[in-house]
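Before any comments, here is the structure.
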Amino acid sequence: MRSVMVIAEAGINHNGDMDTAKRMIDEACNAGADYVKFQTFVPEKLVSRYAKMADYQKAATGKTTTQLQMLRDLALENHEFCSLYEYCRKCKIGFLSTPFDFESIDFLSSLPMDYWKIPSGEITNLPYLIKIAETHKPIILSTGMSTFAEVEEAVEQLQKYGAGRISLLHCTTEYPAPYSEVNLNAMTALKNKFRLPVGYSDHTEGIEVPIAAAAIGADIIEKHFTLDRSMEGPDHKASLEPDELKQMVQAIRNIEKALGDSEKKPSISESKNIIVARKSIIARRHIEKGEILTDENLTTKRPGSGISPMKWFDLLGTRAIRDFEEDELIEVK
């Protein structure tokens, strides 16, 4: 059975508060996610003082300050990430965090994370890609805002500089992303073109699209979540609340079970219904021993414990081996 990796994206929805961050780990664990993921950055290393807020950030926060000021209010210190890592170990859920600058890459390299998660915004940042690749760890690369050519170049550079196994996440980088712009078939196209594991990083409202992605072959699903969508901050409104996250994970687990393998055969539970639901060749009326079996004295009815109707033409023209009463299963030597 194929297992989908579910990453619960806490991101910056902790609002810079450690108690909130730990509660988010609790909720991700309770929902059944495989990993909870944060974002690690030094604000001054991530954005210039002139960088403006995105429209969705302005709409979500009601502020028109700079990105730098917004991020200063949301950043956690390195020692706090160490604490979150240990808390994840205690809760038995995987810890991930996306680095957004060289200093953060260096710090996170000291934590035994299973994967690097590269965000969509860094896919054209060659120095960043090289530094990540040279750690030789497996990489999950988000491809929002990208063309095939940009993805191809990023993958080539990562592989050139020694990256571990690369997985690609299709993504629409808008918060929330309109359903009409999801283009989920692009995930399948990424798989076909690059022959790498693929997944989907979802920014739509609701849980339908990530469930659909799991159904059509996603190996990884990433979804933002929050403790409360009414909280102040840029990403809360495009995030799931804990109960929704749990529903999404359960639906994905159900999809995993439902996909099964590619062999067409009766399942264990349906095998017992074959006799009940299928039909056999039976006597349409009383048949005398030695009488020729024809369309007029034979028919098909349940149960399916006798001769299969697929043998119909094999029986026609043969003689009855004994008397048969109406509705009795036909027998042959």
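The values are calculated or read from the model by the stated rules, or taken from the named source; none is laboratory data. Computed from a prediction, not measured in an experiment: that's the story for all the values here. Note: accessible area is taken over every heavy atom of the protein model, side chains too, but ligands, DNA and RNA are not part of it. Shrake-Rupley method; radii C 1.70, N 1.55, O 1.52, S 1.80 Å.
Here's how it looks for residue 301: its modeled amide H is under 5 Å from those of 280, 282, which are all 5 or more places away or on a different chain.
Contact order normalised by length for the range 180-291, with contacts defined as Cα pairs under 8 Å and 6 or more residues apart; what percent is it? Relative contact order here is 18 percent. Pairwise Cα distances in the range 78-128 exceed 13 Å for 59 percent of all pairs.
The Rg/Rh ratio for the range 56-188, using Cα coordinates for both the radius of gyration and the Kirkwood hydrodynamic radius, is 0.99.
Based on DSSP, what percent of beta bridges with both residues in the chain are antiparallel, to the nearest 5? Let's see the in-between values first.
Working: 8 of 39 bridges.
About 20 percent, rounded to the nearest 5.
Excluding same-chain neighbours fewer than eight residues apart, the lysines reachable from residue 272 by a Cα-Cα span under 19 Å are 264, 301.
Pairs exceeding a 19 Å alpha-carbon distance, out of 92/246; 22/246; 37/223; 193/223: 193/223.
Using only C-alpha atoms and all pairs of different ones, pull out the Kirkwood radius for the chain in Å with one decimal.
It works out to 23.3 Å.
Computed from backbone phi, the HN-Hα couplings of the range 104-121 come to 6, 4, 4, 5, 5, 4, 7, 9, x, 6, 6, 9, 8, 10, 8, x, 4, x Hz, rounded to whole numbers (Karplus: 6.51 cos²θ - 1.76 cosθ + 1.60, θ = phi - 60°; Gly and Pro given as x). For residue 200, nonlocal amide neighbours, meaning residues 5 or more places apart or on other chains whose placed amide H falls under 5 Å from its own, are 170, 220, 221, 222. Relative contact order for the range 20-77: 33 percent, from Cα pairs under 8 Å spaced at least 6 residues apart, divided by residue count. The mean sequence separation of alpha-carbon pairs under 8 Å and at least six residues apart, normalised by the residue count of the chain, gives a relative contact order of 16 percent. The GNM of the chain, with springs linking C-alpha atoms under 10 angstrom apart, assigns the highest mean-square fluctuation among 263, 156, 222 to 263. Is the range 1-109 rounded, prolate or oblate when judged by the Cα gyration tensor, a ≥ b ≥ c being the square roots of its eigenvalues, rounded requiring a/c under 1.5 and prolate requiring a/b larger than b/c? Prolate, because a/c is 1.5 or more and a/b exceeds b/c. Residues whose amide H falls under 5 Å from that of residue 145, counting only those 5 or more places apart or on a different chain, are 173, with hydrogens built in the peptide plane. Backbone phi angles across the range 172-183, fed through the Karplus curve with coefficients 6.51, -1.76 and 1.60 (θ = phi - 60°), yield HN-Hα couplings of 10, 7, 8, 10, x, 7, x, 4, 5, 10, 5, 6 Hz in residue order; Gly and Pro are listed as x.
If you sort 239, 48 by accessible surface, 1.4 Å probe, largest first, the order is 48, 239.
The value obtained for the range 221-272, namely the Cα convex hull volume divided by the number of residues, is 84 Å³ per residue. The range 237-297 and the range 63-137 have Cα centres lying 48 Å from one another.
Rounded to whole numbers, the Karplus 3J(HN,Hα) couplings from phi for the range 74-82 are 10, 6, 10, 7, 4, 5, 6, 5, 4 Hz, using 6.51 cos²θ - 1.76 cosθ + 1.60 with θ = phi - 60°, and x at Gly and Pro.
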